[in-house]
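Enquirer: There's a structure below that I have some questions on.
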Amino acid sequence: MGILSANEPFIISASVIILGYLLKRLDVLEENDGEVLAKVALNITLPSIILLNLPGVPIESSNVLLPFFGLILPGFVVLLGLFFFRRLPRTDKGLSMMSSSGYNIGLFAIPMVMGLYGSAGIARFALFDIGNAFAIFGLSWYLAWYYSPIRKKGSISIRAVFRMFFGSIPFVAYILAVVMNLIGIRLEGTLMRFIEVPAAMNRGVSLLALGILLRFKFPKGTWRAILPPLVLRYSFGIVAGALVLLLLPVSLENKITISAAMILPVGLAVIPFAVKWGYDRDSAAAILNVGIPVSFILFWLVWAAGNHLAALNS
């Protein structure tokens with residue numbers, strides 16, 4: 001297999017992202033179009049691909065730990081953030097803390113995973129994302145609320161927390177797909193063929209959205225606000241990811257899943273969280289923007305390292 005064909009999924013993904021960015025630069029599309037496409041991807045095409053693939057893939061006993069890694073790893077980064085961000089102003093600390101927790105599985109990873117690892121890869125990342133959803137809608141949301149410059153005294157409404165979880169269509173799709181897998185139900189017939197239509201759109205819609213949302217010019221002072229969480233996220237992700245690949249006693253497939261997840265961009269939810277709790281929206285969006293190209297390169301390297309380890313073990 002030649003170098004070009006071996007790297008084809010990444011080359012195609014990068015090309016679609018660049019296409020989205022160029023269409024915005026040429027004023028064919030606007031940044032708001034990227035936000036609409038991201039909503040379509042997260043609420044329609046991603047749930048479709050999950051319901052189509054996860055129920056039919058055997059969940060091995062070793063994969064059961066993936067949701068725990070999806071929750072524990074963001075929590076560990078947040079604990080590090082309590083130390084590294086301790087001297088930041090309260091609002092900057094809040095933005096950094098909430099941006100340290102959670103990974104962008106649905107919009108960023110799933111489109112490439114489908115091309116690289118197929119249904120089995122989708123299943124592994126989906127299981128990881130179940131725990132990751134708790135980190136985003138639980139931990140990140142709590143941190144955004146706790147450090148909010150507009151927060152009033154009082155406690156968090158448990159009803160609001162449940163509404164956030166079960167109001168998330170991807171989260172509900174994950175839970176439903178796992179239940180279907182456990183009791184042996186698969187989509188068939190007309191319903192399956194119907195869901196195949198939006199599922200087939202997921203990769204293109206997601207990658208176009210990422211390209212349209214890309215921005216490299218930020219307001220003055222933005223870098224000062226976004227560097228702390230970016231440095232922490234990627235320093236931890238690179239070091240911990242390398243240790244996982246080399247030392248964690250699990251299957252190589254799960255090593256790749258965990259290592260790749262740790263270098264993904266922050267979840268898209270950081271932007272609405274910032275708006276709701278009074279943080280600077282541009283800074284929150286910049287954390288996601290800068291993370292897209294960085295994570296793309298690192299994801300590529302994790303994939304290459306996984307292939308190298310597989311060759312050594314064969």
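Enquirer: Taking the Cα centre of the chain as origin, work out the dipole magnitude from +1 charges on Lys and Arg Cβ and -1 charges on Asp and Glu Cβ, in debye rounded to 20. Mind dumping the intermediate values first?
Expert: Numbers: 24 positive and 14 negative charges, 254 e Å.
Rounded to the nearest 20 debye, it is 1220 debye.
Enquirer: Assign unit charges at the C-beta atoms only (+1 for Lys and Arg, -1 for Asp and Glu), then state the dipole size of the range 110-203 relative to its Cα centre in Debye, rounded to the nearest 20.
Expert: On the way: 9 positive and 3 negative charges, 97 e Å.
So the magnitude is around 460 debye.
Enquirer: I would also like to ask the following. From a point 7 Å beyond the Cα of GLU8 in the direction of its Cβ, which residues of the range 107-142 have a backbone N at a distance under 16 Å?
Expert: Answer for this model: 112-118.
Enquirer: From Cα pairs below 8 angstrom and at least 6 apart in sequence, can you work out the relative contact order of the chain, rounded to a whole percent? All intermediate terms of the calculation are to be shown ahead of the outcome.
Expert: On the way: 429 pairs, mean separation 95.6, N = 314.
For the chain, the relative contact order is 30 percent.
Enquirer: Okay, moving on. Given N residues in the range 110-249, what is its alpha carbon radius of gyration divided by 2.2 N^0.38 Å? It would help to have the intermediate numbers written out before the result.
Expert: Values: Rg = 19.2 Å, N = 140, 2.2 N^0.38 = 14.4 Å.
Dividing the Cα radius of gyration by 2.2 N^0.38 Å gives 1.34.
Enquirer: Take the Cα pairs of the range 14-149, get the Kirkwood Rh, then feed it into Stokes-Einstein at 20 °C and 1.002 mPa s and tell me D in µm²/s.
Expert: On the way: Rh = 16.8 Å.
This corresponds to a translational diffusion coefficient of 127 µm²/s.
Enquirer: Quick one: which of 206-213, 244-251 comes out on top by average Cβ neighbours within 10 Å, and what's the full order, highest first?
Expert: Values: 206-213: 26.2, 244-251: 13.5.
Descending packing order for the listed peptides: 206-213, 244-251.
Enquirer: GNM on the chain, C-alpha springs below 10 Å: top fluctuator among GLY167, GLY267, GLY237?
Expert: Per the Cα network of the chain with a 10 Å cutoff, GLY167 tops the list.
Enquirer: Let me ask you something else. Please report, to two decimal places, log10 I(q)/I(0) for the range 20-89 at q = 0.17 Å⁻¹ as given by the Debye formula with identical point scatterers on the Cα atoms and no solvent.
Expert: -0.90
Enquirer: In nm, give the distance between the simple-model label positions of ILE72 and LYS217, each being 7 Å from the Cα along the Cα-to-Cβ direction.
Expert: 4.6
Enquirer: In the chain, which helices (entire DSSP H runs) extend 18 Å or more along their own long axis, judged by Cα positions, while averaging at least 0.0 on the Kyte-Doolittle scale?
Expert: 8-25, 66-84, 110-134, 169-183, 189-213, 222-247, 281-313
Enquirer: Counting only helical runs of four or more DSSP H residues, what would the 222 nm mean residue ellipticity of the chain come to if each run contributes -39,500 (n - 2.57) and the total is spread over all its residues?
Expert: Numbers: 15 runs with 224 residues, N = 314.
-23500 deg cm²/dmol, from helical runs alone.
Enquirer: Which of (1) 164; (2) 143; (3) 121 is the computed volume of the Cα convex hull per residue in Å³ for the structure on display?
Expert: (2)
Enquirer: Work out which GluC sites (Glu not before Pro) in the chain are exposed loop sites (DSSP not H, G, I, E or B, at most 12 other Cβ within 10 Å) and give the longest gap free of them. It would help to have the intermediate numbers written out before the result.
Expert: Numbers: sites that count: GLU30, GLU188.
Here the longest run is 31-187.
Enquirer: In nm, to one decimal, how far is the modelled label at SER61 from the one at ARG86, with both set 7 Å along Cα→Cβ?
Expert: Computed distance between label sites SER61 and ARG86 equals 4.3 nm.
Enquirer: Next question, about the same structure. GNM on the chain, C-alpha springs below 10 Å: top fluctuator among ILE49, ILE271, ILE11?
Expert: ILE11
Enquirer: Within the set LYS39/LYS152; LYS24/LYS217; LYS93/LYS217; LYS152/LYS220; LYS93/LYS220, which residue pairs have Cα atoms separated by over 25 Å? Don't jump to the answer; show the numbers that get you there.
Expert: On the way: LYS39/LYS152 30 Å; LYS24/LYS217 14 Å; LYS93/LYS217 23 Å; LYS152/LYS220 29 Å; LYS93/LYS220 18 Å.
Check vs 25 Å cut-off fails for LYS39/LYS152; LYS152/LYS220.
Enquirer: For the modelled label position 7 Å from the Cα of ALA120 along Cα-to-Cβ, which residues of the range 41-69 have backbone nitrogen atoms closer than 20 Å?
Expert: Residues 50-67 qualify, since their backbone N sits under 20 Å from the label point.
Enquirer: Gaussian network model of the chain, Cα springs within a sub-10 Å range: biggest mean-square fluctuation belongs to which of LYS276, LYS93, LYS220?
Expert: Ranking LYS276, LYS93, LYS220 by mean-square fluctuation puts LYS220 first.
Enquirer: Follow-up. So for the range 225-308, what percent of the C-alpha to C-alpha distances run longer than 21 Å? Please list the in-between numbers first.
Expert: Details: 1241 of 3486 pairs.
Roughly 36 percent, rounded to a whole number.
Enquirer: Assuming 0.36 nm per residue, please report the length gained on full extension of the stretch LYS276 to LEU246 beyond their Cα-Cα distance.
Expert: Values: separation 30, 0.36 × 30 = 10.80 nm, distance 4.08 nm.
Stretched fully, the LYS276-LEU246 segment lengthens by 6.7 nm.
Values quoted throughout were computed directly from the atomic coordinates according to the rules given, and no laboratory measurement underlies them. Since the model is a prediction, treat every value here as computed from it, not as a measurement. Cβ sites come from the backbone with ideal geometry, for glycine too, and all protein chains shown count toward neighbours.
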